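Below: one structure, written as structure tokens.
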Amino acid sequence: MRISARADYAVRAALQLAASGDDGPLKAEAIADAQDIPHKFLESILNDMRRGGLVLSQRGGNGGYRLARPAESISIADVIRVVDGPLVSVRGVRPPGLSYTGPAESLLPLWIALWSNVREILDGVSLADVASARLPAEVSALSDAPGAWVNP
């Protein structure tokens, strides 16, 4: 699985908004500076997130962006889907839409298992979880597993 720069930036921007809480809207420049994200790229991402219903924008001197819903109700998967589409695809097709024959036939259940696990993890972690550094126990256990940080 590969997380695009667009998805990474979107999640980081959303986390910056989550951490700001009720301090009022944040300007795109402030988010870009805080997270070291190219400003023009971030503007495009924030527009996608606005169209996707994750952020609200406000114009004017006191304008900026804020989350459209509480951070507890926005999953990491929600953010990625809005900016990048499906979490897992094979050649641009979601696993349930695939079919294989012969020796590759059992590949489909593997892709479905991967898809299911990615969804379970990313749908099960909210912006609030990450912003508060309180990941669900099952996610922490996976990241603490021996070899989890080793690149084979």
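The values are calculated or read from the model by the stated rules, or taken from the named source; none is laboratory data. These numbers come from a predicted model, not from an experiment. Using ideal geometry, Cβ is built from the backbone for each residue, glycine included, and neighbour counts are taken over all protein chains shown. What goes into the accessible areas is simple: the full protein's heavy atoms, side chains included, and nothing from ligands, DNA or RNA. Shrake-Rupley method; radii C 1.70, N 1.55, O 1.52, S 1.80 Å.
A few points about this structure:
- Residues of region 111-135 classified as over 15 Å from the mean Cα position of the chain (by Cα) and under 14 Å from PRO70 (Cβ atoms), total: 1
- The listed residue being out of contact with any strand residue (DSSP E or B) (no Cβ under 6 Å at 6 or more places or on another chain), open to solvent by 40 Å² or more (accessible area, probe 1.4 Å) and either of a type in the set (Val, Ile, Thr) or touching a residue at least 60 places away in the same chain (Cβ under 8 Å) (or both), out of LEU114, LEU127: LEU114
- Matching residues in region 17-31 - criterion: being within 12 Å of GLY64 (Cβ to Cβ) and under 17 Å from the mean Cα position of the chain (by Cα): LEU17, ILE31
- The helices (runs of 4 or more DSSP H) located wholly in region 1-105 that include 2 or more residues which are open to solvent by less than 40 Å² (accessible area, probe 1.4 Å) and out of contact with any Leu (no Cβ under 7 Å at 6 or more places or on another chain) occupy 5-20, 39-51.
- For region 130-142, a residue qualifies if it is open to solvent by 60 Å² or more (accessible area, probe 1.4 Å) and assigned to a loop (DSSP other than H, G, I, E, B), and the qualifying residues are ALA133, ARG134, LEU135.
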